[in-house]
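These notes concern the structure reproduced below.
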Amino acid sequence: MTSSSPTEPRRPLSPNIQLYRPQLTSVLSILNRLTGVLLSIAAIALVIWLLAAAAGPQAYAIVQAALASWMGQVVLFGWTFAFFLHFFGGIRHLVWDTVHGFELRTIYMSGWAVVAASIVTTAVAWIASAYIGR
């Protein structure tokens, strides 16, 4: 759609994603949706892992071998980060539901806080699991 005033130049009413630089708020919004989808897939993988554990030692060993491979570890790391990003993004949205934090500076501070908290908690979780697994 374009503006209909004869004196104004004809411009699109909605932003063209190819013309605008991504902002933190839009990137986090898109990532929140993507992490929700990834976590749904992770839930299916968790069910497969539990079914393998219930099926017996052979099935469990196959799934464990896949998870212990380098690719399995990369996927688990990604799922861990996705979990924390979605978790902290959800907390951010809960704060917004109380009609707080809508000042531009606060929006960007909370966005970077979500990113930082996700990175830190992912690292802490993986470091803790390395020490527990010894």
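More than 22 Å from Ile41 (Cα to Cα) and either over 22 Å from the mean Cα position of the chain (by Cα) or modelled with pLDDT under 95 (or both): does that describe His100? Yes, satisfied. Of the residues making up segment 60-72, none is of a type in the set (Ser, Thr, Tyr), touching a helix residue (DSSP H, G or I) at 6+ places or on another chain (Cβ under 8 Å), under 30 Å from Leu24 (Cα atoms) and surrounded by 14 or more Cβ atoms within 10 Å (Cβ to Cβ).
Within segment 102-134, take every residue that is free of Cβ contacts under 8 Å to residues at least 24 places away in the same chain and surrounded by 11 or more Cβ atoms within 10 Å (Cβ to Cβ) and give me the one that is farthest from Gln23 (Cα to Cα). Filtering first and then ranking leaves Ser129. A Cβ distance below 7 Å, combined with a sequence gap of six or more or placement on separate chains, defines the contacts here; from segment 31-53, residues that are free of Cβ contacts under 8 Å to residues at least 40 places away in the same chain reach residues that are in a helix (DSSP H, G or I) in the pairs Ile48/Val63; Trp49/Val63; Ala52/Ala59; Ala52/Tyr60; Ala52/Ile62; Ala52/Val63; Ala53/Tyr60.
The values are calculated or read from the model by the stated rules, or taken from the named source; none is laboratory data. Every value quoted in this text rests on a predicted model; they were computed, and no experiment measured them. We place every Cβ from the backbone using ideal geometry, glycine too, and count neighbours over all the protein chains shown.
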